[in-house]
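Presented below is the structure to which this report refers.
The values are calculated or read from the model by the stated rules, or taken from the named source; none is laboratory data. Keep in mind that what you see is a predicted model, and the values were worked out from it rather than measured. So basically every Cβ, Gly included, is an ideal-geometry build from the backbone, and we count neighbours across all protein chains shown.
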Amino acid sequence: MDLPDYYSEGALPLADILSSLSYALDLTSGYSSGHAQRTCLIGLRLASVLGLPQYNVNSLYHALLMKDAGCSSNSARMAEIFGTDDIQVKRSMRTANWSNTLEAMRTAAANVLPGGSAIARLKKLIEMTSHREEISDGLTETRCDRGAQIALQIGLGEDAALVVRHLDEHWDGHGSPYHLKGDAIPLLARIACLAQTMDVFYVAHGVDAAYEVIMRRCGTWFDPELVRAAARFKSDYKFWGSLATAHTEMLSNLEMRNALDDASEERIDAICSAFAGIVDAKSPFTAEHSSRVRDYAVQIGQQMGIMGRRLTLLRRAAQLHDLGKLGVPNSILDKPGKPTPEEWAVIREHPRNSFLILARIRGFDRLAEIAGAHHERLDGNGYHRGIGASELDLDMRILAAADVFDALSAKRPYRDALPLQTVYEIMDKDAGAALDPDCISALKFVYPAQVPQPSKEDCVPLAA
């Protein structure tokens, strides 16, 4: 299969990839779509007012796009603590002053165990109150440290990693998780904390509300010097108006973007691996799912004669096929019972979200098509598009088979892993209707259900 000319080594700017994939992080962190991009633009505007050197600006640029890379790592724990939708809890916490005990408890009370009895909710709330700082620091440390590790993994550098690690520290030392104070907090992290808060309130209530909040939290959450710097562009209505609708274009047109690296093949692979890990970290039941599906898809593809750049594309599509699952709450992902019709509707949206996120990346059009089709069926009864055999090419069929194979052979919240023989029996029943029989045959060749036992003649006695 021919690939676009721009899908070649060194031709794809790193910033394009990170900017587009930031939409996946918005899904799981409870922010509105485009939050990371808008935060990046606000942060860069602050850097411009402060006159920061270019190397600082580059680190800030990358860090703000990837600041929520660790958000999926505390999702299961947050859902367990609150007994509800982790994404909704995160969304509620965005506008709360969680360093204020009373406000934090009000927010917790509004979210804990919805639908539970009054006694159960009160008991849970008392338990949370008695361990409030421990819980807050634990959740934040998990998220920020994991995010910093990912920043290093994809080569963004130590300065960018420090921004992510200290994103939620506050000027007065009452932030989280390390309670750093004042100038002990890296400057770029202070900028990031201010920028993300401004975007949250700007989107929710407008420019005046954003400035009202940062003025009210000046000296507590935020460095007073940064608040004064932000005040210098409050009346820039062109900036704020453009931010509402054109943040992607604004990032793409930044002059400083030309100073950033193009993504090498190795860097693209590192990013794919990192985001596969972000997806799999969301639930204990999806640990290493994306990497296993990647391996299965590659092995099926090799058996069916796929090689070279096409195999690379299939491998990356397999790694990133479940990006959209970051938007599915853990209350659904980790549910031990059968999902309700409403929950199924949420689950069925994740391939569409995977496609939409990946399609934003110039040169990833084909990759997005493959990844977005991993729940389609040959008979047209799959999702999200409901397309059939005539529109499902071999690469799509391979990924679908690899995904089903892992879903059946791995442990799930509602059952243990199935024996390989049982896995193939189930897949064979769907051969021709849902799954491509040739892909199943390739799997069986690589992973035979029956391993031949050695004969007596083949056995060598152990030495006495």
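Laid out as a table, the results:
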read-out	value
Residue within segment 44-58 that is within 25 Å of T142 (Cβ to Cβ) and in contact (Cβ under 8 Å) with a residue 60 or more places away in the chain present	no
Failed criterion for L102 (all others in (1) in a helix (DSSP H, G or I); (2) within 26 Å of L25 (Cα to Cα) hold)	(2)
Selection from segment 107-119 of residues that are more than 28 Å from the chain's Cα centre (by Cα) and within 17 Å of V89 (Cβ to Cβ)	G115, G116
Which numbered condition S176 misses (of (1) closer than 22 Å to V49 by Cα; (2) surrounded by 21 or more Cβ atoms within 10 Å (Cβ to Cβ); (3) small (G, A, S))	(1)
Residues of segment 422-464 classified as out of contact with any Ser or Thr (no Cβ under 7 Å at 6 or more places or on another chain) and either under 30 Å from D393 (Cβ atoms) or at pLDDT 95 or above (or both), total	27
Single match in D199, D208 (criterion: assigned to a helix (DSSP H, G or I), among the acidic types (D, E) and closer than 18 Å to G30 by Cα)	D199
Every residue from segment 109-134 that is outside any loop (DSSP other than H, G, I, E, B), in contact with a Leu (Cβ under 6 Å, 6 or more places away or on another chain) and surrounded by 16 or more Cβ atoms within 10 Å (Cβ to Cβ)	R121, K124
Options L194, L180; residue that is in a loop (DSSP other than H, G, I, E, B) and modelled with pLDDT of 95 or more	L180
Given (1) over 28 Å from I361 (Cβ atoms); (2) surrounded by fewer than 17 Cβ atoms within 10 Å (Cβ to Cβ); (3) at pLDDT 90 or above, number of the condition F201 does not satisfy	(2)
Search result, residues across segment 361-376 that are among the β-branched types (V, I, T) and under 15 Å from L21 (Cβ atoms)	I361
Flag for D159 being of a type in the set (D, E) and either over 18 Å from Q196 (Cβ atoms) or part of a loop (DSSP other than H, G, I, E, B) (or both)	no
Qualifying residue in segment 281-295 (condition: of a type in the set (V, I, T), assigned by TED's automatic domain parsing to the domain that holds D334 and within 16 Å of the chain's Cα centre (by Cα))	yes
Qualifying residue in segment 412-429 (condition: among the small types (G, A, S), surrounded by 18 or more Cβ atoms within 10 Å (Cβ to Cβ), outside any helix (DSSP H, G or I) and in the same structural domain as T286 (by TED's automatic domain parsing))	no
Scope segment 216-248; condition modelled with pLDDT of 95 or more and either surrounded by 18 or more Cβ atoms within 10 Å (Cβ to Cβ) or part of a strand (DSSP E or B) (or both); matching residues	R217, C218, W221, F222, D223, L226, V227, A229, A230
Residue in segment 138-154 that is assigned to a helix (DSSP H, G or I) and modelled with pLDDT under 85 present	no
Enumerated helices (runs of 4 or more DSSP H) restricted to segment 5-97, each holding at least 1 residues that are among the acidic types (D, E) and out of contact with any Phe, Trp or Tyr (no Cβ under 7 Å at 6 or more places or on another chain)	14-29, 75-82, 86-94
Positions within segment 385-411 being crowded, with 20+ Cβ neighbours inside 10 Å and in contact (Cβ under 8 Å) with a residue 60 or more places away in the chain, in sequence order	D395, I398, L399, A401, A402, D403, F405, D406
Filter pass, D137 being over 26 Å from V328 (Cβ atoms) and in contact (Cβ under 8 Å) with a residue 24 or more places away in the chain	yes
Single condition E103 does not satisfy, out of (1) over 20 Å from the mean Cα position of the chain (by Cα); (2) of a type in the set (D, E); (3) at pLDDT 85 or above	(3)
Check on L367, hydrophobic (A, V, I, L, M, F, W, C) and at pLDDT 95 or above	yes
Test: residue in segment 251-258 that is assigned to a helix (DSSP H, G or I), within 22 Å of the chain's Cα centre (by Cα) and either in the same structural domain as S48 (by TED's automatic domain parsing) or modelled with pLDDT under 90 (or both)	yes
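Yes or no, residue by residue, for (1) closer than 15 Å to A24 by Cβ; (2) part of a helix (DSSP H, G or I); (3) out of contact with any Phe, Trp or Tyr (no Cβ under 7 Å at 6 or more places or on another chain):
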| site | (1), (2), (3) |
| --- | --- |
| Q302 | no, yes, yes |
| I306 | no, no, yes |
| R315 | no, yes, yes |
| G324 | yes, yes, yes |
| K338 | no, no, yes |
| N353 | yes, yes, yes |
| I357 | yes, yes, no |
| A368 | yes, yes, no |
